[in-house]
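I have placed the structure first, in the form of structure tokens, so that the comments after it can refer back to it.
The values are calculated or read from the model by the stated rules, or taken from the named source; none is laboratory data. Keep in mind the model is a prediction, meaning the values are calculated, not measured. In this analysis, Cβ positions are derived from the backbone assuming ideal geometry, glycine residues included, and neighbour counts consider all displayed protein chains.
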């Protein structure tokens, strides 16, 4: 009897190859801010910040990766850790939202209102494969007198997993296997019959998973001894002649035995087995 496994899973191809890399997460944060806050410029932190100039009439929010920490190993067979990532949003804004002596709730969206908007947009925001984002700190950086810009920074964190890159194991795929009954619960006795040795001085019996083998001479009179005159491969049902024994070379013999159930299990799908390791 043969058992067929389910069709193989084709898997998923990610682009980029690592779906939770820093750049992918930062792009998702940038998209969330752009969708929630439309009054200022929102972009990545420049690679040369000394050359950046605020050109938007109100302000800008610049997103950058602020660093990460890793937890203890949580698996003994592979490197698996929690990974806490922090992202900073640098806010550059031309005023606080009101003029000297004016109402603190002025019409112009200033630093305080924009800080609250950033916090609202990112608190609880969740990227696939990560925990929800949460605020870590918020602070005033400086007042750029020359450019007339207030600079604040908000830092948010999220948690994901760090897993070692997967590798193709260097061993053959499972192709087929035999499940052999043990204990003789469904044993079937086979009466003695004459057999001839093949060119390899072996007798291949019609069944596998054999037991209680009796090899005798023809005509009857001599019962040969296991492991002195012959050996038995019980799993595959093969009797092998021993040159050091007393069975005449090429002489036919009488064989009686019993056998149990054998179930063949076959695997379908998958790729070719890998080359064996040295």
### Task
Pairs only if they're at least six apart or on different chains, beta carbon under 6 angstrom, first in segment 198-212 and without any contact (Cβ under 8 Å) to a residue 40 or more places away in the chain, second surrounded by 15 or more Cβ atoms within 10 Å (Cβ to Cβ) and not in a loop (DSSP other than H, G, I, E, B); list them, first residue then second.
202/238; 204/238
### Task
Restricting attention to strands (runs of 3 or more DSSP E) lying wholly within segment 1-84, give those where 2 or more residues are on the phi < 0 side of the Ramachandran plot, modelled with pLDDT under 90 and within 32 Å of the chain's Cα centre (by Cα).
2-4
### Message
With the requirement that a residue be within 16 Å of residue 160 (Cβ to Cβ) and either more than 25 Å from the chain's Cα centre (by Cα) or modelled with pLDDT of 95 or more (or both), what does segment 125-148 give you?
### Response
125, 132, 133, 134, 136
### Message
Against the condition more than 14 Å from residue 194 (Cβ to Cβ) and at pLDDT below 95, how does residue 240 come out, does it pass?
### Response
no
## Note on the structure
Given (1) under 19 Å from residue 193 (Cβ atoms); (2) part of a loop (DSSP other than H, G, I, E, B); (3) at pLDDT below 90, residue 276 misses just (1)
